[in-house]
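What follows is a short report on a single structure.
Every number in this text was worked out from the coordinates using simple rules, so none of it is lab data. Nothing here was measured: the structure is a model prediction, and the numbers come from that model. Cβ atoms come from the backbone with ideal geometry, glycine included; neighbour counts cover every protein chain shown.
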């Protein structure tokens, strides 16, 4: 039985990873979804958050991949400074542009809501990088992305991974009541979920680009933490706006900003997002050169 499972995983490592990531995480979400998580003390949600990383490690073990090499990429911090700057600037730029565009539509920002960079933004960034970033990126980008790019190229791989990644988030709408943003109309709520999923797919392009240029999962963890932190802290509008029907407008603006930015990234990188099929599967520091 074990030999048969190993053979299937070895033959279809990415599909096995996707299945394991969903099963582990969704089983972790399940007690909270059915309101039966009282005895878990939040550990089930921690398991759910780390489902992709756990799935990635399991697939590497079954396929004979190097877990040590994966760990080396997780702690790879020595990359050219410009990639650290890009990683930190992308979320701030996307959400800053979103807020400005939303304000131009007539919604009054509350600048007092903007965070203190050192006392609020930075600690949240570090915490979310170690939680959401470490829980997901070793799997999504550390295990799945390199293999998908070999088969489908950078654009196809990014879209496919982005769709799977977006679907993985669906239980969050049943776990966190704030995820609905106060929207009760099922049609509007469905539109919001679809826009959120599209936004996640667009986010994936930035992750692919940074990964292909640096080979550093650590930078992707920081990028993940940066997007999550910016979602919390860089939308300086009243709760009545963010948690109400106007949120769909805000989300539409955000997706528009992402779409335009991704088009520019794809164009500037010649559609390659920094990918070199002839290079080693896992980029090294020496590969970290600007996109042509």
inquiry  = Is the C-alpha gyration tensor of segment 197-268 telling us rounded, prolate or oblate? Criteria: a/c under 1.5 is rounded; beyond that, a/b larger than b/c is prolate, otherwise oblate.
reply    = oblate
request  = Would you mind listing how long segment 106-252 runs along its three principal axes, going by Cα atoms, in whole Å with the largest first?
outcome  = 46, 40, 29
request  = Give the Rg/Rh ratio for segment 23-71, taking Rg as the radius of gyration of the Cα atoms and Rh as the Kirkwood radius, to two decimals.
outcome  = 1.14
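Any chance you could list the semi-axes, whole Å, largest first, of the equivalent ellipsoid that the Cα gyration tensor gives for the chain, using √(5λ)? Present the calculation step by step, with values, prior to reporting the outcome.
Details: eigenvalues 185, 122, 61 Å².
Output for the chain: semi-axes of 30, 25, 18 Å.
Neighbouring Cβ atoms within 10 Å as the yardstick, rank 130, 198, 60 fewest first. Numbers along the way, then the final one.
Values: 130 13, 198 18, 60 21.
Fewest-to-most Cβ neighbours within 10 Å comes out as 130, 198, 60.
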key: For the chain, built as a Gaussian network whose Cα springs stay under 10 Å, the top-fluctuating residue of 56, 96, 106   = 106
inquiry  = Based on the alpha carbons, how large is the Rg to Rh ratio for segment 1-126 when Rh follows Kirkwood?
reply    = 1.11
task = Take the alpha carbon atoms of segment 1-61, find their center, do the same for segment 171-234, and report the distance between the two centers in whole angstrom.
result = 20
query = How long is the gain from residue 238 to residue 101 if the chain were fully straight, where each residue apart is worth 0.36 nm and the alpha carbon distance is subtracted?
reply = 47.7 nm
Cα-projected label distance for residue 184 with residue 126, points at 7 Å along beta-carbon direction, nm = 4.2
ask   = Between residue 84 and residue 119, what length in nm is gained on full extension when 0.36 nm per residue of separation is reduced by their alpha carbon distance?
value = 10.5 nm
request  = Would you order 221, 192 from fewest to most other beta-carbon atoms within 10 Å of each residue's own beta-carbon?
outcome  = 192, 221
ask   = Given the options 184, 252, 87, which has the most mean-square fluctuation in a GNM of the chain, springs set between C-alpha atoms less than 10 angstrom apart?
value = 184
Per-residue Cβ neighbour rank within 10 angstrom, fewest leading, 99, 180 = 180, 99
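Give, in nm to one decimal, the length gained when the segment between residue 194 and residue 19 is fully stretched (0.36 nm per residue of separation minus the Cα-Cα distance).
Numbers: separation 175, 0.36 × 175 = 63.00 nm, distance 2.19 nm.
So the extension gain works out to 60.8 nm.
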